[in-house]
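For reference, the structure discussed in these notes is given below.
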Amino acid sequence: MARTVWDSTVGKKTVMAVSGLIMLLYLVAHMIGNLKIFFGADEFNHYAHWLRTVGEPLMHYEWTLWVIRVVLVVAVVAHAVSAYQLSRRDIRARPSKYVHKKPRASYATRTMRWGGIILGLFIVWHILDLTTGTVHSGGFEAGKPYQNVVDTFSTWYGNAIYIVAMLAVGLHIRHGFWSAAQTLGVGSRTRDRALKAVANVLALLLTAGFLAVPVGVMTGVVS
């Protein structure tokens, strides 16, 4: 039964919708946490430490964080695999190019594929930069996330990578939220305008919220 659902186009779109919403919830929480950097090093470092102690004493140190990481990895992989397979299926169904030269889809729709690739590469870089410190620009210090973040956004390439990725996030959310609503049966003719408005607001708030951190470092508000 599960295999049959997965093999269907509807099943793959449902997997994309559910996994996308899981990642959206994470992004909202992550953005709110990031904004704590404007309250100073002690506040931000304390928040980063708290993430590792959530659930204690029931959960051991970092167990909850690892559960969240595993869920996110599963969501990202499921989302990417579903998107790839649906794309291949669409190409096979339409082997010839469209007759109309003028693209009918929105800019966000036409760039979803490249946006996904950009975000996938960004996730790898982000982990290597601020989690493991492998590609960190300065002297990475475990347990001092505030200084590590400032180091990253004190470089032009750190800012460039992050800004491009966050713009891709905004476009992805703008189209993906509305698309997920349609897939899960929430959308309708009467709700479409409201859903698109929510998608636009979410995309704008998340993009602005994430970009506030590098802008804060570049302007000296965060130092």
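Per the listing Ala160, Ala180, the residue uniquely aliphatic (A, V, I, L, M) and surrounded by fewer than 21 Cβ atoms within 10 Å (Cβ to Cβ) is Ala160.
Does Gly133 meet the test of being over 17 Å from Val221 (Cβ atoms) and loosely packed, with under 13 Cβ neighbours inside 10 Å?
Values: over 17 Å from Val221 (Cβ atoms): yes; loosely packed, with under 13 Cβ neighbours inside 10 Å: no.
It is false that Gly133 is over 17 Å from Val221 (Cβ atoms) and loosely packed, with under 13 Cβ neighbours inside 10 Å.
Which residues, taken from region 134-168, are of a type in the set (Val, Ile, Thr) and over 20 Å from Ala41 (Cβ atoms)?
Scanning region 134-168 gives Thr134, Val135, Ile161, Ile163, Val164.
Which residues, taken from region 122-137, are within 14 Å of Asn159 (Cβ to Cβ) and small (Gly, Ala, Ser)? Once the filter is applied, which keeps residues that are within 14 Å of Asn159 (Cβ to Cβ) and small (Gly, Ala, Ser), region 122-137 yields only Ser137. Applying a threshold of 6 Å to beta carbon distances and a minimum spacing of six or more residues, or different chains, the list of pairs starting in region 135-146 at a residue that is in contact (Cβ under 8 Å) with a residue 24 or more places away in the chain and ending at one that is among the aliphatic types (A, V, I, L, M) and not in a loop (DSSP other than H, G, I, E, B) reads Pro145/Ala48; Tyr146/Ala41.
Quick one: in region 25-57, of everything that is free of Cβ contacts under 8 Å to residues at least 40 places away in the same chain and of a type in the set (Val, Ile, Thr), which residue is farthest from Ala203 (Cα to Cα)? Restricting to residues being free of Cβ contacts under 8 Å to residues at least 40 places away in the same chain and of a type in the set (Val, Ile, Thr), the top hit is Thr53.
Against the test of being within 14 Å of the chain's Cα centre (by Cα), exposed (fewer than 15 other Cβ atoms within 10 Å of the Cβ) and small (Gly, Ala, Ser), the options Ala29, Ala17, Ala75 yield a single qualifying residue, Ala29. Please go through region 147-165 and pick out each residue that is closer than 18 Å to Val221 by Cα and among the hydrophobic types (A, V, I, L, M, F, W, C). Correct list: Val149, Val150, Phe153, Trp156, Ile163.
Residues that are modelled with pLDDT of 85 or more and over 30 Å from Lys144 (Cα atoms): which helices (runs of 4 or more DSSP H) entirely in region 1-113 hold 1 or more of them?
Here the list reads 9-34, 63-93.
The values are calculated or read from the model by the stated rules, or taken from the named source; none is laboratory data. Owing to the predicted nature of the structure, the values given are computational and were not obtained by experimental measurement. All Cβ positions, glycine included, derive from the backbone under ideal geometry; neighbour counts span all protein chains shown.
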